[in-house]
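Contents: one structure, followed by commentary.
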Amino acid sequence: MHLDYQLLKLNQQIHPNLSLRSVGEIPVLVLEHAVGKAAISLQGAQLLSWQPHFAKHDVIWLSDSEPFKQGSAIRGGVPVCYPWFGRHGEPMHGYARVSMWQLTAWQVDEDAVSLTFCLFDEHHLVEAKLEMIFTEQCRLRFTHYGVEPAEAALHTYYNIGDITQTTLFGLPDEAFSNAQQQTFSVNSPLMLDGAFDAIFTADQQITHIDDKAQGRIVEVEHINASDIVVWNPWENTPSQMRPEGYKTMICVETARIRHKLVQKEVMEAVIRVQR
């Protein structure tokens with residue numbers, strides 16, 4: 001989905017470059033600046049769109065059949081899976097992505113924009129923080145403040161031209177299959193030809209997404225991550241996603257699953273589009 005920011009209902013103009021708008025039932029913070037454009041849902045502190053000023057296409061994929069209902073997970077963008085990943089609790093992938101976060105700080109400079117979102121617990125204490133720093137790149141810095149160790153993943157959906165013309169470089173040649181619950185060998189570099197859902201170790205910190213159909217390479221740097229998750233449902237598309245949606249997306253996630261985050265520990269994903 002391409003979000004036309006100007007068509008979204010304007011609720012508040014926070015700054016000349018920042019406005020609070022709404023999509024369906026979801027409040028969305030919109031950034032329009034010389035460094036590029038972005039949209040962030042306050043539900044989940046979920047980056048829905050990011051297009052640096054020099055890019056022809058959005059870097060982030062968003063389902064074009066998403067209804068944007070409060071309390072329902074948004075399909076696409078960068079969901080924050082926390083404080084657990086997968087089916088380790090209810091709801092799946094944790095409650096952070098369906099909870100309302102608060103914009104607690106922001107700074108707009110000539111060549112950079114910084115936005116800080118916080119998730120508060122029932123005692124009004126900060127449970128997690130997500131900082132987004134937009135320059136020529138996008139830096140997502142997640143901090144866990146809870147007392148108990150927690151799993152976390154920045155479940156990023158990347159917008160690609162054609163999954164059959166997309167290659168992933170920099171991944172190990174072995175992964176853990178979520179479906180089979182066992183380790184298996186993987187081609188490296190990796191091209192998908194069917195449904196894929198696997199967890200790689202993050203020993204190699206940079207993944208390159210070679211998007212031949214759109215003529216670009218997206219570089220993802222995983223900082224202080226223990227895992228990298230790669231997912232594409234192929235024709236087994238989930239709800240809130242059109243049957244052909246898998247053709248133009250690939251999930252490459254920066255995660256802490258095998259080694260949980262401890263209190264005040266930080267994990268980062270840095271996304272760059274090679275020019």
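The values are calculated or read from the model by the stated rules, or taken from the named source; none is laboratory data. Computed from a predicted structure; not experimentally measured. Because the Cβ atoms are built from the backbone with ideal geometry, glycine has one as well, and the counts that use them run over all protein chains shown. Ligands, DNA and RNA are stripped out before the accessible areas are found, and what is left, the full protein with its side chains, is counted by its heavy atoms. Shrake-Rupley method; radii C 1.70, N 1.55, O 1.52, S 1.80 Å.
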* To do: Identify all residues within region 136-147 that are polar (S, T, N, Q) and either touching a Pro at 6+ places or on another chain (Cβ under 8 Å) or part of a loop (DSSP other than H, G, I, E, B) (or both); write none if there are none.
  => Gln137
* Looking at (1) within 15 Å of the chain's Cα centre (by Cα); (2) hydrophobic (A, V, I, L, M, F, W, C); (3) assigned to a strand (DSSP E or B), which is the one condition that is false for Ala225? -> (3)
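Hey, can you tell me all the residues within region 126-149 that are within 24 Å of Gln51 (Cα to Cα) and either open to solvent by 30 Å² or more (accessible area, probe 1.4 Å) or among the aliphatic types (A, V, I, L, M) (or both)?
First, pick out the residues of region 126-149 that are within 24 Å of Gln51 (Cα to Cα): 129-142.
Passing the criteria: Lys129, Leu130, Glu131, Met132, Ile133, Thr135, Glu136, Gln137, Arg139, Leu140, Arg141.
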* Take region 189-206 and flag every residue that is in contact with a Pro (Cβ under 7 Å, 6 or more places away or on another chain) and closer than 13 Å to Val230 by Cα. => Ala195, Phe200, Thr201
* Structure fact -> Only one of (1) charged (D, E, K, R); (2) outside any strand (DSSP E or B); (3) at pLDDT 95 or above does not apply to Glu268, and that is (2)
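Name the residues in region 203-223 that are among the β-branched types (Val, Ile, Thr) and touching a Gly at 6+ places or on another chain (Cβ under 8 Å), would you? Full working, then the answer.
Going through region 203-223, the residues among the β-branched types (Val, Ile, Thr) turn out to be 206-207, 209, 217-218, 220, 223.
Answer for region 203-223, where residues must be among the β-branched types (Val, Ile, Thr) and touching a Gly at 6+ places or on another chain (Cβ under 8 Å): Ile206, Thr207.
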* Would you check which residues across region 166-209 are open to solvent by 30 Å² or more (accessible area, probe 1.4 Å) and in contact (Cβ under 8 Å) with a residue 40 or more places away in the chain and list them? => Phe169, Asn178, Ala195, Thr201, His208
* Asked: Are there any pairs, at least 6 apart or on different chains, whose C-beta atoms fall under 6 Å, with the first in region 101-125 and in contact (Cβ under 8 Å) with a residue 40 or more places away in the chain and the second aromatic (Phe, Trp, Tyr) and assigned to a strand (DSSP E or B), and if so, which?
  -> Trp101/Phe117; Leu103/Phe117; Val113/Phe134; Leu115/Trp106
* Identify all residues within region 11-33 that are farther than 26 Å from Phe54 by Cα and either open to solvent by 70 Å² or more (accessible area, probe 1.4 Å) or part of a loop (DSSP other than H, G, I, E, B) (or both); write none if there are none. => Asn11, Gln12, Gly24, Glu25
* To do: Please determine, by comparing only the residues of region 223-275 that are basic (Lys, Arg) and open to solvent by 40 Å² or more (accessible area, probe 1.4 Å), which one is farthest from Ile74 (Cα to Cα).
  => Arg275
* Asked: Are there any strands (runs of 3 or more DSSP E) wholly within region 34-125 with 2 or more residues that are open to solvent by 40 Å² or more (accessible area, probe 1.4 Å), and if so which?
  -> 102-108
